[in-house]
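See structure below.
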Amino acid sequence: MKKGKNISDEFEPLGRVLEKAIRDFRKSADLELTQIWEHWDRAVGEAVAENAQPAAFKGHILVVHVISSTWIHQLRFTKDEMILKLNQALGKELVREIKFKTGAVK
């Protein structure tokens, strides 16, 4: 590390890293989906964001990791509203389906 340079200057937001990594390999709609990580907490609310996080996507299907099967059951009731809010935050209809799976949440 060079003198006078702050270590935080070397870090880059995850969304930007993901965007760069897939730019040449994915369709533009998939590239736009990387913005989900930026909008997730605000679109779904604090309680959901603490217990469920986007993990992956394929086409227009978003895979969301959830901490427990109980939460998966609850989120199925609000899935349509989540899709609507995410698409509003993204500015277009990019998410058509959400699949919930138990998995690690940040």
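The values are calculated or read from the model by the stated rules, or taken from the named source; none is laboratory data. Please read all numbers here as calculations on a predicted model, not as lab measurements. Note that we place each Cβ from the backbone using ideal geometry, even for glycine, and neighbour counts take in every protein chain shown.
The condition of being modelled with pLDDT of 85 or more, at negative phi, surrounded by 15 or more Cβ atoms within 10 Å (Cβ to Cβ) and touching a Pro at 6+ places or on another chain (Cβ under 6 Å) holds for only one of Val64, Val44, that being Val64. Scoring Ala56 on the criteria (1) in a strand (DSSP E or B); (2) touching a residue at least 12 places away in the same chain (Cβ under 8 Å); (3) under 11 Å from Lys101 (Cβ atoms) leaves a single failure, condition (2). Among the criteria (1) modelled with pLDDT of 80 or more; (2) touching a Phe, Trp or Tyr at 6+ places or on another chain (Cβ under 8 Å); (3) charged (D, E, K, R), the one Glu50 does not fulfil is (2).
Restricting segment 78-106 to residues that are more than 15 Å from His39 (Cβ to Cβ) and not charged (D, E, K, R), the residue that is surrounded by the most Cβ atoms within 10 Å (Cβ to Cβ) is Phe100.
On the given criteria, is Leu14 surrounded by fewer than 15 Cβ atoms within 10 Å (Cβ to Cβ) and at pLDDT 95 or above? No, not satisfied.
Looking only at segment 67-77, which residues are free of Cβ contacts under 8 Å to residues at least 12 places away in the same chain and surrounded by 14 or more Cβ atoms within 10 Å (Cβ to Cβ)?
Applying the first criterion (free of Cβ contacts under 8 Å to residues at least 12 places away in the same chain) to segment 67-77 yields 70, 73-74, 77.
Passing the criteria: only Gln74.
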